[in-house]
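Have a look at the structure below, then the notes.
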Amino acid sequence: MAKPRNRSFWCLSDSFLYCGGVFLAILLVCSFWSFFTPTLNFSSAITDPSSAVSCKESGFGVNLKSDPKDLTFYDDPELSYSIEKPVKKWDEKRKQWLNHHPSFAAGASERIVVVTGSQPKPCKNPIGDHLLLRSFKNKVDYCRIHGYDIFYNNLLLHPKMGSYWAKLPVVKAAMLTHPEAEWIWWVDSDALFTDMEFKLPLQRYKNHNLVVHGWPELIYDKKSWTSLNAGVFLIRNCQWSMDLIETWSNMGPISKDYKKWGEIQRSTFKDKLFPESDDQTALIYLLYKHKEKYYDHIYLEGEFYFEGYWVEIFGSYENTTEMYLEIERGAAELRRRHAEKVSEQYGAFREEYLKSAGNGKGSWRRPLITHFTGCQPCNGDHNKMYDGESCWNGMVKALNFADNQVLRKYGFIHPDLLDSSIVSEVPFDYPADEGPW
């Protein structure tokens, strides 16, 4: 700027007067703007460290804007997400990443990423795409309630790994993409969450790396290919799991011995219905033939419906609903309206009243997951054991049964589980004399 001239105030130059007038006009415009628009409160973005909430307690304290310049496995040019290229020293690499991202380290042991997906092309079944959309919404609802991330994949990450084998490349990629998560939870597109409050008992699995729904006696005594179900599984994000996925996938279409593996599986498990090697029988084979290597690391969950066969479940939804309502009639704390974010607390409340409900077949407890195995909602090529209408109606009932558990927090329910288009408002039913006020 030029030095000010040595004149009195009343001798200001015309140019300075002009600039002053412009400045005054701008100031007036800004004054009117601030009067009619909200003021940004920059001070509210400054957090007092003394009042900071613990990341471990809140679950929302992760820093999403910080990725330090420290080198991690992501900077390794040899890193590959491909199912055909093994990952080594994954535990050390993941630990290093967490050390560089300490806000994610807190609570990492219970962090879950749900992974699901469907085929790349539109469904052949006329209602297939609609059912898949609602199936995805169902999983999004469950994840939102429990604070889980979710990844939906509709591509083949390896051209040879199609159908039931397509999940393994996705799960491996998810493990690499989410080093902050201890668990990856694969859920088939035809598997629906039907207890939106229930949380996995992770403490039960602390000494295991893979959790599937299965029964040891069917593996080792009956040698059945249905002794477990690989359509839903929880896998720890660790080197053991990387090695398992490598071995497991090499029994699939990427293997030069793919045809041979199919023959081995059929000769070992006599009830296997088709000649091709499949992911489920492959996993059972590993457990059967290499028990000393795998059994102690794999938890065969049979105490509740980690995933349940839809045929033995879907006819009981109405009775289960009535039993839960009966509990609520005698427990005001369960009838109390509440924010969706605190739903887990009410799930914990409810557990006290479900001790007599039992688990699994014949129980009136909500099944965690109802699995519509054999229905093939997208291509419509369902198992000939049952007709398509029973599959599609069953899925609609399951979806609305689960949706009611979510909608109630928004004030509505489906009065008819077979009619998705109709909702009714939930009446207020929480007597003031029973409330906390």
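The values are calculated or read from the model by the stated rules, or taken from the named source; none is laboratory data. It should be emphasised that the depicted structure is a prediction, and the values quoted were computed from it without experimental measurement. In this analysis, Cβ positions are derived from the backbone assuming ideal geometry, glycine residues included, and neighbour counts consider all displayed protein chains. Please note that ligands, DNA and RNA were not included when accessible areas were found on the heavy atoms of the full protein model with its side chains. Shrake-Rupley method; radii C 1.70, N 1.55, O 1.52, S 1.80 Å.
Out of E276, E307, E263, report the one residue that is closer than 22 Å to E197 by Cβ, modelled with pLDDT of 95 or more and among the charged types (D, E, K, R). E307 is the lone residue from the list that is closer than 22 Å to E197 by Cβ, modelled with pLDDT of 95 or more and among the charged types (D, E, K, R). Evaluated against (1) buried (at least 20 other Cβ atoms within 10 Å of the Cβ); (2) among the hydrophobic types (A, V, I, L, M, F, W, C); (3) more than 15 Å from the chain's Cα centre (by Cα); (4) outside any helix (DSSP H, G or I), I254 falls short on exactly one condition, (1). Answer yes or no as to whether A348 is over 30 Å from W392 (Cβ atoms) and in contact (Cβ under 8 Å) with a residue 40 or more places away in the chain. Spelling it out, it is not the case that A348 is over 30 Å from W392 (Cβ atoms) and in contact (Cβ under 8 Å) with a residue 40 or more places away in the chain.
Cβ separations smaller than 7 Å between residues 6+ apart or across chains give the following pairs from the stretch 295-312 residues that are under 14 Å from K361 (Cα atoms) to residues that are open to solvent by 50 Å² or more (accessible area, probe 1.4 Å) and part of a loop (DSSP other than H, G, I, E, B): G302/W215; E303/N359; F304/N359; E312/K361. All of I184, I245, I235, I219 fail the test of being in contact (Cβ under 8 Å) with a residue 40 or more places away in the chain, touching a Lys or Arg at 6+ places or on another chain (Cβ under 6 Å) and either surrounded by fewer than 20 Cβ atoms within 10 Å (Cβ to Cβ) or of a type in the set (V, I, T) (or both), apart from I245.
A count restricted to the stretch 199-233 and to residues that are in contact with a Phe, Trp or Tyr (Cβ under 9 Å, 6 or more places away or on another chain), among the hydrophobic types (A, V, I, L, M, F, W, C) and part of a loop (DSSP other than H, G, I, E, B) stands at 2. Of all residues in the stretch 249-267, exactly one satisfies the criterion of being touching a helix residue (DSSP H, G or I) at 6+ places or on another chain (Cβ under 6 Å) and either among the hydrophobic types (A, V, I, L, M, F, W, C) or over 21 Å from H158 (Cβ atoms) (or both), namely M251. Residues that are at pLDDT 95 or above and open to solvent by 20 Å² or more (accessible area, probe 1.4 Å) number at least 1 in the following helices (runs of 4 or more DSSP H) confined to the stretch 326-437: 388-407.
Given the criteria under 30 Å from F349 (Cα atoms) and among the polar types (S, T, N, Q), does T247 qualify? The answer is no for T247. Quickly run through the stretch 304-323 and pick out the residues that are under 21 Å from the mean Cα position of the chain (by Cα) and either of a type in the set (A, V, I, L, M) or assigned to a loop (DSSP other than H, G, I, E, B) (or both). If the condition is that a residue be under 21 Å from the mean Cα position of the chain (by Cα) and either of a type in the set (A, V, I, L, M) or assigned to a loop (DSSP other than H, G, I, E, B) (or both), then F304, Y305, F306, E307 are the ones that fit. Of the candidates M175, M161, the single residue that is among the aliphatic types (A, V, I, L, M), crowded, with 23+ Cβ neighbours inside 10 Å and either over 17 Å from the mean Cα position of the chain (by Cα) or not in a strand (DSSP E or B) (or both) is M175.
Kindly indicate whether any position in the stretch 201-212 is over 27 Å from A348 (Cβ atoms), in contact (Cβ under 8 Å) with a residue 24 or more places away in the chain and buried (at least 22 other Cβ atoms within 10 Å of the Cβ). No, the conditions are met nowhere in the stretch 201-212. Only residues that are open to solvent by 10 Å² or more (accessible area, probe 1.4 Å), of a type outside the set (D, E, K, R) and in contact with a helix residue (DSSP H, G or I) (Cβ under 6 Å, 6 or more places away or on another chain): list them for the stretch 269-280, please. Hit for the stretch 269-280 is P275, nothing else. Sub-6 Å Cβ pairs linking a first residue in the stretch 120-139 that is surrounded by 16 or more Cβ atoms within 10 Å (Cβ to Cβ) to a second residue that is among the charged types (D, E, K, R), at least 6 apart or interchain, are C123/D129, ordered by first then second residue.
Residue by residue, here is whether (1) more than 23 Å from V87 (Cα to Cα); (2) in contact with a strand residue (DSSP E or B) (Cβ under 8 Å, 6 or more places away or on another chain); (3) crowded, with 18+ Cβ neighbours inside 10 Å holds:
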| site | (1), (2), (3) |
| --- | --- |
| W225 | yes, no, yes |
| G262 | yes, no, yes |
| A282 | no, no, yes |
| I298 | no, yes, yes |
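One residue stands out in the stretch 65-119 among those that are farther than 16 Å from M175 by Cβ and in a helix (DSSP H, G or I): the one that is least open to solvent (accessible area, probe 1.4 Å), namely S103.
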